[in-house]
1. Of these, ASN199, ASN207, which one is polar (S, T, N, Q) and crowded, with 19+ Cβ neighbours inside 10 Å?
2. Take residues that are touching a residue at least 40 places away in the same chain (Cβ under 8 Å) and under 22 Å from ARG183 (Cβ atoms) and tell me which of the helices (runs of 4 or more DSSP H) falling wholly in region 199-279 contain 1 or more.
3. Looking at region 55-81 only, could you name the residues that are in contact with a helix residue (DSSP H, G or I) (Cβ under 9 Å, 6 or more places away or on another chain), farther than 17 Å from ALA111 by Cα and surrounded by fewer than 22 Cβ atoms within 10 Å (Cβ to Cβ)?
4. Filter region 29-54 down to the residues that are buried (at least 18 other Cβ atoms within 10 Å of the Cβ) and among the aliphatic types (A, V, I, L, M), then identify the one that is farthest from MET257 (Cα to Cα).
5. Only one of GLN34, GLN4, GLN8, GLN62 is more than 18 Å from the chain's Cα centre (by Cα) and part of a loop (DSSP other than H, G, I, E, B); which?
6. Any idea which residue in region 101-126 is most open to solvent (accessible area, probe 1.4 Å), counting only those that are touching a strand residue (DSSP E or B) at 6+ places or on another chain (Cβ under 9 Å) and in a loop (DSSP other than H, G, I, E, B)?
7. Which condition breaks for CYS154 when tested against (1) assigned to a helix (DSSP H, G or I); (2) of a type in the set (A, V, I, L, M, F, W, C); (3) closer than 30 Å to HIS67 by Cβ?
8. Kindly evaluate VAL230 against the criterion of being within 30 Å of GLU164 (Cα to Cα), touching a Lys or Arg at 6+ places or on another chain (Cβ under 8 Å) and surrounded by 13 or more Cβ atoms within 10 Å (Cβ to Cβ).
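The values are calculated or read from the model by the stated rules, or taken from the named source; none is laboratory data. If you're wondering where the values come from, they're calculated on a predicted model, not measured in any experiment. Here Cβ is always computed from backbone atoms with ideal geometry, including for glycine, and neighbour counts include all displayed protein chains. Ligands, DNA and RNA are excluded from the accessible area calculation, which covers all protein heavy atoms including side chains. Shrake-Rupley method; radii C 1.70, N 1.55, O 1.52, S 1.80 Å.
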Amino acid sequence: MNIQIPFQLLAPLSSPFQLADYKARIKDYNDWSQGQFGLVSVRKLVRARADFVDFILLNLWQAAELHQEEDLSLLAVGGYGRHELHPHSDIDLLLLTSGKIQQITSDKISAFLTNLWDLKFDVGHAVRSIKESIIAGRDDITIATNLMERRLICGNRHNFDALEVELNKGKFISSKNFYLAKRDEQEKRHKHYHSTSYNLEPNLKANPGCLRDLQTISWVAKKHFNTQNVQDLVSQDYLLQEEYQEMEECQDYLWQMRFALHLVANRGENRLLFDYQPQVAELMGFGDDGKA
């Protein structure tokens, strides 16, 4: 069960768009979320932020009059597509169409994205047709991985369903080829981060044994078994229940550390630098003796 976001944080926002009103609402949410850290599970907090960003995006979508564009869909992909956002995580979006975008639609999209940037969101976005999305995914394993974890926020449901059909076809990328590409990607990343400096000031996302490795396990398995739910891997005999629980516990611990790091650094920092370590330890409840 997700944490209940206070109703006042989800009250209707001003129309037409007023930057100051949105900034104030986002600050109120961030203050509330920071106050909840340590009181509720970090899993609930990262999912609550995804819910709140959904709310902001829906309001901005309306403000830009994109709800009038019948052929346009707004998808969350990557970590945001998994419904997971840390305090300063980037937001990956796919604006999906069935064909060519008209200039008037393009202008509205530009306004939508400009408002997001003005609100200081770190946005990664692509505007593609269904066909373009498939081609891009075949050519780039990072795009293919992002597309694996997709979620419709608003807009044309038919486009989303059509993309689902294409992504689930073996000719998009086979399970074997996906595994080999992710294995090569992991080996290169491990080699890059295997040094003393990264061991003492680890990157919680990219270091060997950190979040990216846990995600790689789930990506490979999700692709092979055609599922978006890690827990399904237990019923597929890919993971034992004990292994699944251990993965979840490890992820939650790294998430708690990363959440605290974002709060301390006040930005999307994943490196646990010496300057941040005492404050992160304090937020996580560790005393001077190193014990929680």
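1. Just a single option satisfies the conditions, and that option is ASN207.
2. 211-225, 241-265
3. Result: PHE55, ASP71, GLY79.
4. Among those that are buried (at least 18 other Cβ atoms within 10 Å of the Cβ) and among the aliphatic types (A, V, I, L, M), it is VAL53.
5. Among GLN34, GLN4, GLN8, GLN62, only GLN4 is more than 18 Å from the chain's Cα centre (by Cα) and part of a loop (DSSP other than H, G, I, E, B).
6. If we take residues in region 101-126 being touching a strand residue (DSSP E or B) at 6+ places or on another chain (Cβ under 9 Å) and in a loop (DSSP other than H, G, I, E, B), then ASP122 is most open to solvent (accessible area, probe 1.4 Å).
7. (1)
8. yes
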